[in-house]
Every structure is written in C-alpha cells, then in structure tokens.
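Here the structure comes first, spelled out in structure tokens, and everything after it is commentary.
The values are calculated or read from the model by the stated rules, or taken from the named source; none is laboratory data. On a predicted model such as this, the values are computed, not experimentally measured, just so you know. Cβ placement follows ideal geometry from the backbone for every residue including glycine, while neighbour counts extend to all protein chains displayed. Calculation scope for accessible area: heavy atoms of the full protein, side chains included, ligands and nucleic acids excluded. Shrake-Rupley method; radii C 1.70, N 1.55, O 1.52, S 1.80 Å.
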Amino acid sequence: MDDRRKYERLNWQAEIRWKKKFNDDLKQTPQVESVTRNISAGGIRMMLPESVRVGDVLDLEIGLGKGKTVYTRGQVKWIEKYMITGVGKEEVGYEGGVMFLD
C-alpha cells in the first residue's frame, strides 16, 4: 500500500461507538461498539462488521478515557478482510480506515 499519510499515526486502542448514517437523516443503524487500531488527526483505523461498505458515513463517539469523548463524523475509505485462525476454527474479521469529515 502506498503511504500517502498527511498526519502521524498513533497506535492507540480505544473504545468507539458509531452509527451508520444514510442519505436521509431519519435513517440510521443501531449504535455499534468497536475498538480502534490507530488514530491520526485525519482519521482512524478500526474494527468493522461485514455490513459496512467503502463510502459509508459514520457518526462516531471516540472514548478518550477519564470520561472524555469526542463526537465526529467520518467516511469509510478502505476495508480489509482478515482471518483469525485457532484450533479447529476460523473466523473472518474486517477492519477499515475512516477519514474524519469534521
């Protein structure tokens, strides 16, 4: 992958809650809890469910610790599928990059 980053990334794991936003503000998915993998001033890398697609807009609540939360909106820019293998089972997971919009 070509490295076109404008901002330094911090390997940082935090709890994040989000809702998928549709074109119509009246339609949203239920709130989902996930974790971040890293973060920068321009975006965040986070775990995602299969239902999220590139281009989706997400309303984000990022927990910073000590009771502080940042509320923002971001757009999914990429998604990668990965396999989690263990004794006798395999699971599929997804992570993606979300660019902050505000």
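For Gln13 and Glu50, the FRET efficiency from 1/(1 + (r/R0)^6), where r spans their Cβ atoms and R0 equals 30 Å, is about 0.90.
Calculate log10 I(q)/I(0) of the chain for q = 0.10 Å⁻¹, where I(q) comes from the Debye formula with a single equal point scatterer on each Cα and nothing for solvent. With no solvent term, the Cα-only Debye profile gives -0.29. Taking the chain as a Gaussian network of alpha-carbon nodes connected by springs under 10 Å, the highest mean-square fluctuation of the residues Thr36, Thr72, Thr85 belongs to Thr85. Comparing Val57, Val70, Val87 in a Gaussian network model of the chain (Cα springs below 10 Å), the most mobile by mean-square fluctuation is Val87. Across the chain, Cα pairs under 8 Å and at least six residues apart give a relative contact order of 25 percent.
A simple charge model with +1 on the Cβ of Lys and Arg, -1 on the Cβ of Asp and Glu and nothing else charged puts the dipole of the chain at about 240 debye relative to its Cα centre. Averaged over its residues, the chain has an accessible area of 71 Å² per residue, based on protein heavy atoms and a 1.4 Å probe.
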